[in-house]
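Engineer: Would you mind keeping the following structure in view while I ask a few things?
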Amino acid sequence: MRKDGRHIVALDVGSTKTCVLICEPQDDHVRFLGLGAAESRGLRRGVIVNLDAAVGSIRRALEAAEAAAGVPVESAWIGVSGGHVRGVNSRGGISLGSRPREVQKEDVRRAVEAARSITLPEDREILHVLPQQFFLDGQDNIRDPIGMVGQKLEADVHLVTASIAATQNLVTAVNRAGVHVTDTVLEPLASADACLTDDERELGCCLLDIGGGTTDLVVFTGGVVRYTAAIPVGGDHFTNDLAVGLRTPLPEAERVKREYAVAWRPLLREDVAIEIATVGDRPPRTIFARLLCEIVEPRAQELLALVREELLRIGLESQISAGLVLTGGASKLAGLSELAENFFELPARVAVPRGLEGMTEDVTQPEYATAIGLLLYGIRARRLAAQRPTGLAAKLKALFAGSAR
């Protein structure tokens, strides 16, 4: 980012790839400037396991982005994901006094603070406090209670918590690569900014951000976040299954997955012959597309079953009328959205990120949804910071507005 602070930078450090996107907000639109990507090293299921290797990946992605955009990067918005991230709903409230009176900004702040005051283990921290609704003397579904009259104000919030160590290791890796962390954002929330429509948020939907190591999910109903979670299955599991089942190296398994694998058998139109490499010095051998489906489909069904179990556990499966929205690099697996639609008996689609002017076709891909969403999140935060009055009430309004975009 230049010293004038005009540019906004997003950094997505994933299990498979690390990418950096740079944009420039202008008066009535946002212009995309450049993308840099590098193979991720030193991460497993979204968590850093080798700091030096992770720093190297970040530096390579940064250098590529700086060269593409023609601007240096000094600070960035960082995505956080992985199995250590957990979401929980909480309610808290305050008394407004013995007689009804108008709700003030400070009352809203105190109610939200009461809702977020839960006991956490020493190794965890709150990443986001996402307001869902307010209650005033028992009246529910209030988005902004300021100015209304009552005696008791309560707030429902969704708290996103993360491992302090995992988050700090990510921040440390970014700092060592020479970049200041502007803020950390839950990755599926960022992806939702880039992928979901207003109708999907209002009617209720489940966004699945399918990465290499994990699948992050976020559930919206009534325009606000109701739940977040991480499923320990991602695109790398499909690749590993193919490598073992076909007795082929991982790079070859990844190639075959991208070019030929189908996750739902009814879509397998032709049982074509495929030549694949084998391990060691053995000669290539021929397999058929049907075998790929027999390996990939059970893993896809397992992923969807875990998602359904999570939705049933929290009682939200019947509230996602708009269905499922798939994004992330592994969402491009052929037949996965059709299998999801058949499995849940709900609409399902693979989302293409949007929201920036000047994006080329290679950028408008599901694997860049998180990074594009981080840019949009940062743009909204900057515009909010420039507005007055500031304070919690304004931030709450912006959060609700952002959730209903």
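Please treat every number below as a calculation from the coordinates, not as lab data. The structure presented is a predicted model; accordingly, all values stated were derived computationally and were not measured. All Cβ positions, even for glycine, are placed from backbone atoms using ideal geometry, and neighbour counts span all protein chains on display.
Engineer: Test of understanding: in a Gaussian network model of the chain with alpha carbons linked when under 10 Å, which of ALA253, ALA37, ALA277 would top the mean-square fluctuation ranking?
Structural biologist: Largest GNM mean-square fluctuation: ALA277.
Engineer: Hey, another quick one. Binned at 10 Å from 0, what are the whole-percent values of the Cα-Cα distance distribution for segment 136-193, short to long?
Structural biologist: In whole percents, the pair-distance histogram is 16, 30, 22, 20, 11, 1.
Engineer: Additional query: Please find the FRET efficiency linking ASP140 to ALA67, where r is the Cβ-Cβ separation and R0 is fixed at 60 Å, and quote it to the nearest 0.05. Spell out each step's value before the answer.
Structural biologist: Numbers: r = 53 Å, r/R0 = 0.88.
So the FRET efficiency works out to roughly 0.70.
Engineer: Here is a further query. Shape call for segment 146-273 from the C-alpha gyration tensor, a ≥ b ≥ c root eigenvalues: rounded (a/c under 1.5), prolate (a/b greater than b/c) or oblate?
Structural biologist: Because a/c hits 1.5 or more and a/b fails to exceed b/c, segment 146-273 counts as oblate.
Engineer: With every atom except the alpha carbons ignored, what do you get for Rg and Dmax of segment 197-350, in angstroms?
Structural biologist: Cα-based Rg and Dmax for segment 197-350 come out at 16.8, 58 Å.
Engineer: Something else: Below 8 Å, C-alpha to C-alpha, sequence gap of six or more: please give me the relative contact order for the chain in percent. Spell out each step's value before the answer.
Structural biologist: Values: 910 pairs, mean separation 72.4, N = 405.
Worked out over the chain, it gives 18 percent.
Engineer: Something else now. For the chain, what is the convex hull volume of the alpha-carbon atoms per residue, in Å³?
Structural biologist: Values: hull volume 59.4 nm³, N = 405.
Here the figure is 147 Å³ per residue.
Engineer: Another question, then. Per the Debye formula with a single identical scatterer at each Cα and no solvent contribution, what log10 I(q)/I(0) holds for segment 86-163 at q = 0.17 Å⁻¹?
Structural biologist: For segment 86-163 at q = 0.17 Å⁻¹, log10 I(q)/I(0) is -0.61.
Engineer: Find, to one decimal place in angstroms, the Kirkwood hydrodynamic radius of segment 1-143, where the mean of 1/r is taken over every pair of different Cα atoms and then inverted. Intermediate results must be reported in sequence, preceding the final value.
Structural biologist: Values: mean 1/r = 0.0534 Å⁻¹.
This gives a value of 18.7 Å.
Engineer: Which three lengths, in whole Å and largest first, does segment 42-125 cover when its Cα atoms are put on their principal axes?
Structural biologist: In descending order, the Cα extents are 63, 33, 16 Å.
Engineer: Spin-label point model (7 Å from Cα, Cβ direction): what's the GLU270 to SER98 distance in nm?
Structural biologist: 8.5 nm
Engineer: May I pose another question? Hey, if you drop one equal point scatterer on each alpha-carbon of segment 1-78 and run the Debye formula without solvent, what base-10 log of I(q)/I(0) do you get at q = 0.25, 0.26 Å⁻¹?
Structural biologist: The Cα Debye sum returns log10 ratios of -1.06, -1.12.
Engineer: Right, something else. Gaussian network model of the chain, Cα springs within a sub-10 Å range: biggest mean-square fluctuation belongs to which of ARG45, ARG110, ARG247?
Structural biologist: Largest GNM mean-square fluctuation: ARG247.
Engineer: Taking the Cβ-Cβ separation of LEU51 and ARG255 as r and a Förster radius of 25 Å, what is the calculated FRET efficiency to the nearest 0.05? Intermediate results must be reported in sequence, preceding the final value.
Structural biologist: On the way: r = 30 Å, r/R0 = 1.20.
Here the calculated transfer efficiency is 0.25.
Engineer: What does the charge count near VAL363 come to, summing +1 for each Lys or Arg and -1 for each Asp or Glu among other residues with Cβ under 12 Å from its Cβ? Don't skip to the answer; put the middle values down first.
Structural biologist: On the way: positive: ARG354; negative: GLU357, GLU361, ASP362, GLU367.
Here the count lands on -3.
Engineer: Relative to the present Cα-Cα distance, how much length would full extension add between GLU345 and VAL171 at 0.36 nm per residue of separation? Write out the running numbers ahead of the final one.
Structural biologist: Numbers: separation 174, 0.36 × 174 = 62.64 nm, distance 4.06 nm.
Length gained between GLU345 and VAL171: 58.6 nm.
Engineer: On to the next question. Using helices alone, what [θ] at 222 nm do you get for the chain, with -39,500 (n - 2.57) per DSSP H run of 4 or more residues, divided over all residues and rounded to the nearest 500?
Structural biologist: Details: 11 runs with 146 residues, N = 405.
Value at 222 nm, helices only, nearest 500: -11500 deg cm²/dmol.
Engineer: How would you rank CYS293, CYS205, going from fewest to most other Cβ atoms within 10 Å of each one's own Cβ? Provide the component values of the computation, followed by the final result.
Structural biologist: Numbers: CYS293 23, CYS205 26.
Least crowded to most crowded, the residues run CYS293, CYS205.
Engineer: Related question: Calculate one ³J(HN,Hα) per residue across segment 231-237 by plugging θ = phi - 60° into the Karplus curve 6.51 cos²θ - 1.76 cosθ + 1.60, and present them in order as whole Hz with x for glycine and proline.
Structural biologist: With coefficients 6.51, -1.76 and 1.60, one gets 9, x, 9, x, x, 5, 5 Hz.
Engineer: Shifting gears a bit: Which of GLU302, GLU66, GLU310 ends up with the largest GNM mean-square fluctuation for the chain, with Cα atoms connected below 10 Å?
Structural biologist: Residue with maximal mean-square fluctuation among GLU302, GLU66, GLU310: GLU302.
Engineer: Quick check for me: using +1 on Lys/Arg Cβ and -1 on Asp/Glu Cβ, what's the dipole size of the chain about its Cα centre, in debye to the nearest 20?
Structural biologist: Working: 46 positive and 53 negative charges, 178 e Å.
That gives the chain a dipole magnitude of about 860 debye.
Engineer: Here's a follow-up. For segment 96-104, just list the computed ³J(HN,Hα) in residue order, Karplus coefficients 6.51, -1.76 and 1.60, θ = phi - 60°, integers in Hz, with x standing in for Gly and Pro.
Structural biologist: My calculation for segment 96-104 gives 9, x, 6, 10, x, 8, 5, 7, 9 Hz in order.
Engineer: Tabulate in residue order the Karplus-calculated ³J(HN,Hα) for segment 319-327, using 6.51 cos²θ - 1.76 cosθ + 1.60 with θ = phi - 60°, rounded to whole Hz; enter x for Gly and Pro.
Structural biologist: 10, 10, 4, 7, x, 10, 10, 9, 8
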